[in-house]
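One structure below.
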Amino acid sequence: MENQRNEYLWRKAQNRAAFKVHALTYVLVNAGFWGLYLFMSMQPWGEHIYPWPVWPMLGWGIGLISHYFSAYGNLDQQKMAEAEYQKLLRKEYDSD
């Protein structure tokens, strides 16, 4: 007997796995940016280099936070859609 997958839970699991890959990529790439910044600042010409890796970290961090809330947040889109559907049904029946 083969178990049937719950499609909603499967999508949620895939989204959470994608977030973990996204977070790992964020950490590795930004560590590389800071390593490059450190290397550049140690050069004779780089003693006054602006810490530019802050900007990709902030910009990408906003996207990462958004991805986190879509994967782990309490906003259950399926439950919210069901509640809205029930409101619309009540409104439809009340207008008759």
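Find the residue count for region 21-47, including only residues that are within 16 Å of Tyr72 (Cβ to Cβ) and either surrounded by 12 or more Cβ atoms within 10 Å (Cβ to Cβ) or touching a residue at least 24 places away in the same chain (Cβ under 8 Å) (or both). Qualifying residue count, region 21-47: 3. Within region 48-62, being part of a loop (DSSP other than H, G, I, E, B) and either within 18 Å of the chain's Cα centre (by Cα) or without any contact (Cβ under 8 Å) to a residue 12 or more places away in the chain (or both) holds for His48, Tyr50.
When region 55-96 is filtered for residues that are at pLDDT 80 or above and of a type in the set (S, T, N, Q), the ones remaining, listed by number, are Ser66, Ser70, Gln86.
The lone criterion from (1) closer than 29 Å to Lys12 by Cβ; (2) surrounded by 11 or more Cβ atoms within 10 Å (Cβ to Cβ) left unmet by Tyr85 is number (2).
Residues of region 1-38 that are at pLDDT below 95, over 29 Å from Ser70 (Cα atoms) and assigned to a helix (DSSP H, G or I): none at all.
The values are calculated or read from the model by the stated rules, or taken from the named source; none is laboratory data. Please read these numbers as outputs of a predicted model, since none were measured by experiment. Neighbour counts run over all protein chains shown; Cβ positions are idealised from the backbone, glycine included.
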